[in-house]
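Colleague: Supplied in structure tokens, the structure appears directly below.
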Amino acid sequence: MKQNAFAIIVDDEKDIGTLLSAFLKNAGFTVKYAESLSEAEVIIKENDLKLALLDINLPDGSGFDLVDALRKNNPKVKIIVQSAYNGPEEKEKLDYHQLEHFLPKPINLTELKKLVS
């Protein structure tokens, strides 16, 4: 990714947000972090995001709830869903939203690097 491309991380676990923020900054992204859908919605409206890392389970909903807003803001945004849950319901939602990138938690940074390069 080119320098100063904006990325958002949406995860209610601060330690994961901190780790992923440092990782993406090192990869050349300008990173915005949100712990909830409501925080993320503001960031999405105000930034041209190239990458989104979305946790599925958030205090005020699901990362899947942000997909339409992300695509409206930038149809080419790369969306990566991350979760400790990887069952049939999650796979169905990935298919419904036409998302191809899923990372199970704990996140394998080697796999993440492949997806963001």
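Colleague: Condition test on PRO88, is it open to solvent by 80 Å² or more (accessible area, probe 1.4 Å) and either in contact with an Asp or Glu (Cβ under 9 Å, 6 or more places away or on another chain) or closer than 24 Å to ASN4 by Cβ (or both)?
Modeller: Numbers: open to solvent by 80 Å² or more (accessible area, probe 1.4 Å): yes; either in contact with an Asp or Glu (Cβ under 9 Å, 6 or more places away or on another chain) or closer than 24 Å to ASN4 by Cβ (or both): no.
It is false that PRO88 is open to solvent by 80 Å² or more (accessible area, probe 1.4 Å) and either in contact with an Asp or Glu (Cβ under 9 Å, 6 or more places away or on another chain) or closer than 24 Å to ASN4 by Cβ (or both).
Colleague: Against the definition (closer than 20 Å to PHE6 by Cα, charged (D, E, K, R) and either out of contact with any helix residue (DSSP H, G or I) (no Cβ under 7 Å at 6 or more places or on another chain) or open to solvent by less than 60 Å² (accessible area, probe 1.4 Å) (or both)), how does LYS78 come out, yes or no? Give the derivation first.
Modeller: On the way: closer than 20 Å to PHE6 by Cα: yes; charged (D, E, K, R): yes; either out of contact with any helix residue (DSSP H, G or I) (no Cβ under 7 Å at 6 or more places or on another chain) or open to solvent by less than 60 Å² (accessible area, probe 1.4 Å) (or both): yes.
Taking the combined requirement at face value, the residue satisfies it.
Colleague: Select from segment 3-12 the residues that are part of a loop (DSSP other than H, G, I, E, B) and open to solvent by 10 Å² or more (accessible area, probe 1.4 Å) and list them in ascending order.
Modeller: Initially, segment 3-12 is screened for residues part of a loop (DSSP other than H, G, I, E, B), giving 3-4, 11-12.
Scanning segment 3-12 gives GLN3, ASN4, ASP12.
Colleague: Taking interchain pairs and intrachain pairs at least six residues apart, which have beta carbon atoms under 8 angstrom, with the first residue in segment 92-117 and farther than 24 Å from GLY28 by Cβ and outside any loop (DSSP other than H, G, I, E, B) and the second among the acidic types (Asp, Glu) and open to solvent by 90 Å² or more (accessible area, probe 1.4 Å)?
Modeller: So the pair list comes out as LEU94/GLU100.
Colleague: Another one. Here is a check on your reading of the model: is ASP15 in a helix (DSSP H, G or I), under 16 Å from LYS105 (Cβ atoms), open to solvent by 70 Å² or more (accessible area, probe 1.4 Å) and free of Cβ contacts under 8 Å to residues at least 60 places away in the same chain?
Modeller: Numbers: in a helix (DSSP H, G or I): yes; under 16 Å from LYS105 (Cβ atoms): yes; open to solvent by 70 Å² or more (accessible area, probe 1.4 Å): yes; free of Cβ contacts under 8 Å to residues at least 60 places away in the same chain: yes.
Yes, satisfied.
Colleague: Still on this structure: Given (1) closer than 21 Å to PHE23 by Cβ; (2) open to solvent by 40 Å² or more (accessible area, probe 1.4 Å), where does TYR96 come up short, assuming only one miss?
Modeller: The failed condition is (1).
The values are calculated or read from the model by the stated rules, or taken from the named source; none is laboratory data. Here the structure is a predicted model, which is why all the values come from computation and not from measurement. Using ideal geometry, Cβ is built from the backbone for each residue, glycine included, and neighbour counts are taken over all protein chains shown. When the accessible area is computed, the model is the full protein with side chains, heavy atoms only, and any ligands, DNA or RNA have been set aside. Shrake-Rupley method; radii C 1.70, N 1.55, O 1.52, S 1.80 Å.
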